Structures are given as C-alpha cells and as structure tokens.
Amino acid sequence: MTTHEQQEIGRQEAGLFFSRNLLEWYHRQKRDLPWRRHRNPYYIWISEIMLQQTRVDTVIPYFNRFIERFPTVESLADAPEEDVLKCWEGLGYYSRARNLQHAARQVKELYGGQVPDDRDAVFGLKGVGPYTAGAILSIAFNRPEPAVDGNVMRVLSRFFLLEDDIAKGPTRVKMERLAAALIPEGEASHFNQALMELGALVCTPKSPRCLTCPVMEHCAARLAGCETSLPVKTKAKPPRPEERLTALIAGRGEHAGRVLIRQRPASGLLARMWELPHWLAPPAEGGAPGAQLPEAAALDRLRRSLRQAGIFARPEEHWMAAEHTFSHIVWTLQVYRCREEDAPALPLAAEARAAYAAAEQAGGAESAAGAAPAGLFAYGGGPSGSTQAQIEPFEDGGASPEDAGAIRWINRGDMENYAFPNVFLKLLNAYFDELDNEK
C-alpha cells in the first residue's frame, strides 16, 4: 500500500470518527432554541437570516417577536416595509430585513407561499446565499447540502489541519465539498446543526475548549499544537472613520417636548430609516481622518448645514458623542443640542430669491447660503405632519442625498411608529430620559 493510499484511508477513518462522535455529542448537548422546536422552513429561514453576524442570545427575542408579528410567509410579504423594519429595529444590518421581505414576496408569488425545497429555487431567493440555502435545505428538508459559515470553516480547518485562507473563494468551495462528504446518510439536518453548534460553543475563535470537544482525539490541529493559529484568514481592511455633526433639535411652542427627526433616502445605507439630522464633518485642520472638529468650528458648520437643509434651528452646545459601526465605516456622532427657531413667513419676495441667486453666482453655494435672506429655507409640519425639506445646493453644487427625506416632530410615545438605527434609538431614549428627570 502506498503512502498516499494510507493517508487517504486515514482521512476517511478520521471523517467517520468526526461525523459519528459529533452527532452523538449534539443529541446529548444541543441547546433548546426556538427555531429548533419546529421543522417549519419559514421559521428556519428567518432564524438563519437573523443569525448572520449576530449572536444567538441577541437573536432569540427578535425571532420570537418577528414570528409572532409575521407568522407566515404571506403575512411578511403583505406587511408595510416600515412595520418590518420596526420589528427588526436594533438588530442591525437592515438590508437583511428588506431582502427577507422581498424574498417572501417571491415565495408568495412563485410558490404559493410555501418555501420551496428545490435547490435552484432557494438559491433564487433575494438575500439567500450558499450558506443560507444549505441551512434551509438541510435543516428543514434534510437534504444533504453543506451549510458552511465561519464557524464551520474554523472547525474543519482545525480538525483536518487545513491551512488555506478561508477569506478566499476557492477555500469556501473546498470546505463545502468536505462538509458535504462528511454528512451521514439521512442525518443532514442534525449533522449541519451539530457542526454549527460545535463551532459556536466549543471550537471558538479564541481559547477553544479542546478538553470538552467530542472530536478532540483525532483533531489534527490540536495534535500539532496549532489549534489557536487556525483558521488562516486574511485580515479585512479596517473600516473608515467618519466624524459626523448631529443635531438634537428640541422643539418649543407647539413642538415643546418633541425632537426633530428625518427619514433617510429610499436607497443606500439605512434606507428609509429615521434618524437625527447629521452631516459629515470636514477634516479638522492638521488632524487625522475622523478627528473631532474644535467646538466653535463644529457649531458653525452645523448651523450652515441645518440652514441649507431648510431646518430652522440654532446649535448651542455639545451634548454627547456616540458611535455606530458598519462593516466599512465607523461613524462618530458628535451630538449638539439645538434650539428650534421660528420660520419666517412665506412666500418670500421675488427680490430675496434673486439676491440668493446673485450671491451663488458670485461666490458659490456656500457663500450664498451664508448670505441668504432669512426665510429662504423653510420647513413645515406639526407633531404628526409630514414635510419634505426645501433643499438648496450644497458645496458640490447638488443637494446631499442625506437631506432628501421627510421630517417629523416626535415625542417618546411617537417612537413606536418609526424605525431607527440602534445608535439613534439610544440617543433619543437618553434625551427623553433627561426630560423626564427634569420634571
């Protein structure tokens, strides 16, 4: 027998040992998770989308609320998007929710509201990639499809001592083939869940719990003493820092006790969600990217940004800083208290607009904004009213897409009607807590 043949037999024996022991461990130790109490493919699909880049403990209450609010594919497909986003609020990565609803509409229209068990059909759903498709097909329908995510690649890299870079596409394909070959006949549902469970609870990224691992006896990385150095993964480019000037505008008069919010554009980052108005700060002189502007410069820049967005408010003082992290950007929000000011009567005289046009022609949009007659920019709308800010050109000659949404005046009770990114949810709650404490 050649050395290669001996190695191949050894790999096959290791694979059989891995699959058998892993399944036995899973049946003894598996967690009681709400989506495991059903073989409902819709529930499994929801859970897998929520679990992308999110911890199980975080997902559980969201999952329970979501299926209570949208118990069927049809109920999700027919719901207003605002309701779906509100139910997702705080979970992050909101494109997942939009894609999920889009896919639910596909299932309703193409498959009569029943999640398909056909591989090509599942892959054709919006937001469903190889891992999610494999998870749905294997867990819900017991199809022998691999479901390879970061946890699974880590487990396989260590057990089989694979030093391929898991950030590369060919490595994922290799891992999928290996995982598929390990699935025992008729055990796809339990095996894939067991593999995920091992990666989540035992074979963790740091300080793996090798002594409690059901497959430690034949783990090649442990035997070689290199389990903590695997898997190999190219480091991602760090997210770009951005400092953003944020306006917390306290209302007065008919808006007393309320705060002004605006809606983001219909596409792009955090599409159609609600937020406090904010703008990218210019670089601080001599500072690194994302460095905080001196307060006087920040107040002046925020004042001009508010005016150009048609919002009548005066920035007064720095209130707090907050951070919001995306995969490619880190926002540092410098939040300034602002006081609502009266909007001048409209319509404006024709001479006022002519004066603005002349100033813009002579000195550009920023110069024109600074010299604009009071009342050139205006907004309306009461506590429950809707309005579109009248936006004039910004420095680049066009209106910023960040300024394109409607605005509202809201109190704490109104927050139930709007979906906010988590950072703005926290800021608004902190402000309303302050108001309550002052009473």
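The values are calculated or read from the model by the stated rules, or taken from the named source; none is laboratory data. The shown structure was predicted, so the numbers you read here are calculated from the model rather than taken from an experiment. Here the Cβ is made from the backbone with ideal geometry for all residues, glycine too, and neighbour counts use every protein chain on show. Keep in mind that these areas ignore ligands, DNA and RNA; they rest on the heavy atoms of the full protein, side chains included. Shrake-Rupley method; radii C 1.70, N 1.55, O 1.52, S 1.80 Å.
This table checks each residue for (1) modelled with pLDDT under 95; (2) touching a Ser or Thr at 6+ places or on another chain (Cβ under 6 Å); (3) of a type in the set (Gly, Ala, Ser); (4) not in a helix (DSSP H, G or I).
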position	(1), (2), (3), (4)
ARG158	no, no, no, no
ALA167	yes, yes, yes, yes
THR171	no, no, no, no
ASN192	no, yes, no, no
GLY199	no, no, yes, no
LYS206	yes, no, no, yes
THR234	yes, no, no, yes
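Within the stretch 161-195, being open to solvent by less than 30 Å² (accessible area, probe 1.4 Å) and over 22 Å from GLY225 (Cβ atoms) holds for THR171, MET175, ALA179, LEU182, ILE183, ALA188, SER189, PHE191, ASN192, GLN193, ALA194, LEU195. If the condition is being open to solvent by 50 Å² or more (accessible area, probe 1.4 Å) and in contact (Cβ under 8 Å) with a residue 24 or more places away in the chain, then the stretch 43-75 contributes GLN52, GLN53, THR58, ASN64, THR72, GLU74.
When the stretch 299-314 is examined, which residues are found to be in contact with a Phe, Trp or Tyr (Cβ under 9 Å, 6 or more places away or on another chain) and either of a type outside the set (A, V, I, L, M) or surrounded by 23 or more Cβ atoms within 10 Å (Cβ to Cβ) (or both)? Within the stretch 299-314, ARG301, LEU302, SER305, LEU306, ARG307, GLN308, ALA309, GLY310, ILE311, PHE312 qualify. When TYR94 is tested against the conditions (1) surrounded by fewer than 19 Cβ atoms within 10 Å (Cβ to Cβ); (2) at pLDDT below 95, the lone failure is (1). Counting the residues of the stretch 393-435 that are touching a helix residue (DSSP H, G or I) at 6+ places or on another chain (Cβ under 7 Å) and either at pLDDT below 95 or not in a loop (DSSP other than H, G, I, E, B) (or both) gives 7. All conditions in (1) closer than 26 Å to ARG98 by Cβ; (2) touching a residue at least 12 places away in the same chain (Cβ under 8 Å) hold for SER267, with the sole exception of (2). Filtering the stretch 223-250 down to residues that are among the charged types (D, E, K, R) and either open to solvent by less than 70 Å² (accessible area, probe 1.4 Å) or touching a strand residue (DSSP E or B) at 6+ places or on another chain (Cβ under 8 Å) (or both), which residue is farthest from GLU163 (Cα to Cα)? Looking at residues that are among the charged types (D, E, K, R) and either open to solvent by less than 70 Å² (accessible area, probe 1.4 Å) or touching a strand residue (DSSP E or B) at 6+ places or on another chain (Cβ under 8 Å) (or both), I get ARG244. Residues that are open to solvent by 30 Å² or more (accessible area, probe 1.4 Å) and more than 20 Å from the chain's Cα centre (by Cα) within the stretch 107-134 comprise LYS108, GLU109, LEU110, TYR111, GLY112, GLN114, ASP117, ASP118, ARG119, ASP120, PHE123, GLY124, listed in sequence order.
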